[in-house]
Amino acid sequence: MLSLSPRRDLFKFAFPRDFIPPEVAEKYRNILSKNPCIISTPIDYLNESIQGVNIPGISDVNISQSQHSSNASIKSYNKLNVEPKTDIIHTSSSNPLDKINKEFTVTFRMNQGFYNYFMLYETLFHYICKPNQRTEEPVLYVDILDESGVVRSRIKYMDVHMDGIDGLDFSYDKVTRDSDTFTVTFKFNNVDFDFV
């Protein structure tokens, strides 16, 4: 049986219900209720605008160390059998988490009125100004689905912190409705992979 190439659009990522602070959620609930639509809660509005998420890689797991080595093929009693020093590659003994870029980004579609953008902006401000209001840092999941929509694996990011958000550019020469996006950067302390 041949394995099919993976599809990059078969994933599920959503923020938990308590991700947006209550006072920020209330403000945007009032804004969203002025324009009746199917989505009425701020977290659903935010989750619906997610376009993509990236998974950080792991790199620089090896270290290079200069060492002298002996050469057994040299059979001379007058020489020491020692080769000049050369770089030898070893697997690092450090924690593998130190080799992961502990940050990922989520890409959002820019919605009319920029509500999702300002919702995240205010959420980031809230976490900066009131860091003690949250009792524990969120855990975020990226579910990888198969062709029939069944979750096959899950990436679990633990102790997640918002780290930044793209800026906005306004211009009078952008008169068409382009499908603009913006990204939000998150940092995490640990990652785990589960296979269902």
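The values are calculated or read from the model by the stated rules, or taken from the named source; none is laboratory data. As the structure is a prediction and not an experimental result, all values here were calculated from the model. Don't worry about glycine lacking a Cβ; one is built from the backbone with ideal geometry, like all the others, and counts go over all protein chains shown. The protein model used for the area step is the full one, side chains on, heavy atoms only, and it has no ligands, DNA or RNA in it. Shrake-Rupley method; radii C 1.70, N 1.55, O 1.52, S 1.80 Å.
Which of the residues spanning the range 36-57 are more than 23 Å from the chain's Cα centre (by Cα) and open to solvent by less than 90 Å² (accessible area, probe 1.4 Å)?
Selection gives 37, 39, 40, 41.
What pairs come up if the first residue lies in the range 122-151 and is assigned to a loop (DSSP other than H, G, I, E, B), the second is at pLDDT 85 or above and open to solvent by 50 Å² or more (accessible area, probe 1.4 Å), and their beta carbons are under 6 Å apart, counting only those six or more places apart or on different chains?
From the range 122-151, the pairs are 137/159; 146/152.
Can you say whether residue 177 is in a strand (DSSP E or B) and modelled with pLDDT under 95, as far as the supplied structure shows?
Taking the combined requirement at face value, the residue does not satisfy it.
Filter the range 107-148 for residues that are touching a helix residue (DSSP H, G or I) at 6+ places or on another chain (Cβ under 9 Å), open to solvent by less than 60 Å² (accessible area, probe 1.4 Å) and on the phi < 0 side of the Ramachandran plot and give the result.
Within the range 107-148, 108, 110, 111, 116, 119, 120, 122, 123, 126, 127, 134 meet the criteria.
Restricted to the range 152-174, and to residues that are hydrophobic (A, V, I, L, M, F, W, C) and assigned to a loop (DSSP other than H, G, I, E, B), which residue is surrounded by the fewest Cβ atoms within 10 Å (Cβ to Cβ)?
Ranking the candidates gives 170 first.
Mind checking which residues of the range 10-34 are in a loop (DSSP other than H, G, I, E, B) and either within 20 Å of residue 139 (Cβ to Cβ) or open to solvent by 90 Å² or more (accessible area, probe 1.4 Å) (or both)?
If the condition is that a residue be in a loop (DSSP other than H, G, I, E, B) and either within 20 Å of residue 139 (Cβ to Cβ) or open to solvent by 90 Å² or more (accessible area, probe 1.4 Å) (or both), then 14, 15, 16, 17, 18, 19, 20, 21, 34 are the ones that fit.
Would you be able to tell me the number of residues in the range 175-193 that are basic (Lys, Arg) and either surrounded by 15 or more Cβ atoms within 10 Å (Cβ to Cβ) or farther than 20 Å from residue 111 by Cα (or both)?
1
List every residue pair whose Cβ atoms sit under 6 Å apart, with the two residues 6 or more apart in sequence or on different chains, where the first one lies in the range 2-31 and is modelled with pLDDT of 90 or more and the second, anywhere, is in a loop (DSSP other than H, G, I, E, B) and not β-branched (Val, Ile, Thr).
Close Cβ pairs (under 6 Å, with a partner that is in a loop (DSSP other than H, G, I, E, B) and not β-branched (Val, Ile, Thr)) amount to 16/138.
Looking only at residues in the range 93-137 that are among the aliphatic types (A, V, I, L, M) and touching a Ser or Thr at 6+ places or on another chain (Cβ under 7 Å), which one is farthest from residue 17 (Cα to Cα)?
110
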